[in-house]
Amino acid sequence: MLNRKGELMQYRLNLKEIEELMEQYNSIFYKRENDTFVLFKYRYYAPEIYLENPKLRELRGIIFNKHTGEVVQRPFHKFFNHNEPNCTIDYTMPAIETEKYDGSMIASTLYDDELFVSTTGNLKSSIAEMGRDFIVNHNNYLNIIKDFENYTVLFEYITPKNRIVIDYKKENMILLAIRNKKTGEYISTYEIMELGKYYKIPSIEVKDELPLSKIVEKVKGMKGVEGAVAYADNDMIKIKTMWYLERHRLFTNKLDKREIAEAFFSNKIDDYYSLVDGEKKEELDKIVDEIINLLTKYTNIINSIEYSKYSTKKELVEYCIKNIPKPIHWIIFKKYSEPSVDITDYLAKTIINEFRKNKNNKKTVKQ
């Protein structure tokens with residue numbers, strides 16, 4: 001079983017290789033950087049790309065030193081929700097079940113003898129700072145990070161101050177995984193449990209060992225928890241409980257395009273896939289394809305314009321009125337004024353507004 005051997009997602013990566021992947025898939029992934037570090041993360045839901053190149057699954061908050069090219073922080077690879085498209089996991093395989101916590105993932109390591117803490121999407125964030133404060137104030141957490149200096153130590157940070165659905169009564173950090181920064185090798189789940197006991201840190205626990213299909217069936221009906229992470233077929237998979245999804249207001253009898261667009265751009269669309277099958281799944285696939293097609297179309301248009309050839313904004317406005325779909329005029333004008341601007345959020349806002357115009361799904365998005 002993979003979690004006894006620690007064979008999950010082992011890839012040696014270098015910064016040059018990742019930069020080349022970014023050029024190829026720049027509409028899907030983004031990078032955030034400062035003077036020393038660069039972080040890579042996916043912008044949008046695009047499960048089909050992971051079959052093209054499995055290494056893209058590593059672009060989920062991985063951080064490099066810009067100058068040396070070394071991996072500084074290596075959080076979890078991208079793993080799928082139950083029922084998500086292009087999830088190739090074999091449901092007949094033996095699997096183990098661990099609880100999925102309803103908090104925020106914190107990645108931690110030592111770098112140049114200093115504690116370095118991040119989340120999957122940002123080099124700095126309020127959640128990362130809260131997690132860092134917790135670690136600094138608990139020597140047992142500092143000790144495990146120091147003892148595994150060539151690894152990223154991964155925790156789930158839970159606090160009443162950042163409630164999502166589950167009402168946790170006190171602040172805590174759960175030890176989830178420890179991953180070698182160079183090779184990507186995970187320490188096995190059973191070893192994580194033993195390390196939790198040794199350092200007196202709460203950790204994930206193996207709840208059951210069953211065929212994966214049986215774990216899915218079992219978890220769906222559970223109450224009071226978010227769900228489970230199952231390890232099987234040399235991979236991991238998230239399974240949400242219906243109880244949790246209903247409270248997350250993701251369970252509706254009718255698929256609403258605007259809500260689905262919002263979930264798509266907030267990277268929560270996989271929760272919808274965990275809810276539907278059959279005709280509902282086909283309907284969801286169709287809406288997601290519509291979003292992706294519109295996103296691709298708008299992105300290509302915006303990036304194809306030769307902004308430098310317009311000496312005044314007025315000239316660009318005249319060109320747009322004649323040749324460019326009206327919803328993205330404002331983004332083009334932004335890019336003209338600020339050539340290096342990140343248009344990710346602007347595209348999301350525009351497409352969500354397009355779907356909002358078609359309330360109750362009575363109309364289709366204008367192409």
> Which one of LEU255, ILE215, TYR310 has its Cα pushed farthest toward the positive end of the charge dipole of the chain, where Lys and Arg give +1 and Asp and Glu give -1 at the Cβ?
Replying inline: TYR310
> Between ILE328, ILE192, ILE63, which gets the highest mean-square fluctuation from a Gaussian network model of the chain, Cα cutoff 10 Å?
Replying inline: ILE328
> Between their Cα atoms, which of LYS161/LYS268; LYS170/LYS240; LYS41/LYS161; LYS257/LYS281 are more than 18 Å away from each other?
Replying inline: LYS161/LYS268; LYS170/LYS240; LYS41/LYS161
> If each Cα of the range 257-361 is one equal point scatterer, what is log10 of I(q)/I(0) from the Debye formula at q = 0.22, 0.25 Å⁻¹?
Replying inline: -1.14, -1.37
> Given the chain, what whole percent of its Cα pairs are spread farther than 38 Å?
Replying inline: 21
>> Ratio of alpha-carbon Rg to the 2.2 N^0.38 Å globular estimate for the range 106-201, to two decimals, please.
In response: 1.05
>> Need the full-extension length gain, VAL165 to ASN150, defined as separation in residues times 0.36 nm minus the C-alpha distance. One decimal, nm.
In response: 2.0 nm
>> Between ASP133 and GLU282, what is the label-point separation in nm under the 7 Å Cα-to-beta-carbon projection?
In response: 5.2
> Pick from ASN83, ASN300, ASN122: which residue has the top mean-square fluctuation in a GNM of the chain where Cα pairs under 10 Å get a spring?
Replying inline: ASN300
>> For a quick check, take a GNM of the chain with Cα springs below 10 Å and name the residue from TYR273, TYR231, TYR346 with the largest mean-square fluctuation.
In response: TYR346
> Can you give the extra length, in nm with one decimal, that the chain gains between VAL317 and THR92 once fully stretched, where that is 0.36 nm per residue apart less the Cα-Cα distance?
Replying inline: 75.2 nm
>> Checking the cross-link filter: which lysines have an alpha carbon closer than 30 Å to that of LYS309, excluding same-chain neighbours under 8 positions apart?
In response: LYS31, LYS297, LYS322, LYS326, LYS334, LYS335, LYS349, LYS366
> Where does the range 148-258 land on the Kirkwood hydrodynamic radius, alpha-carbon pairs, in angstrom?
Replying inline: 16.2
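May I ask for the net charge around LYS334, where only other residues with Cβ less than 12 Å from the Cβ of LYS334 are counted and Lys, Arg are +1 while Asp, Glu are -1?
Residues near LYS334 contribute 0 overall.
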> What list of ³J(HN,Hα) couplings, whole Hz, do you get for the range 293-306 from phi and the Karplus terms 6.51, -1.76, 1.60, once you set θ to phi - 60° and write x for glycine and proline?
Replying inline: 5, 5, 4, 5, 4, 5, 4, 5, 5, 4, 7, 8, 6, 8
> Straight-line reach from LYS314: which aspartates and glutamates have Cα under 17 Å away, leaving out those fewer than 8 places along the same chain?
Replying inline: GLU306, GLU338
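Read-outs: derived from the displayed coordinates by stated rules, not from any lab. None of these values were measured; they are calculated from a predicted model. So basically every Cβ, Gly included, is an ideal-geometry build from the backbone, and we count neighbours across all protein chains shown.
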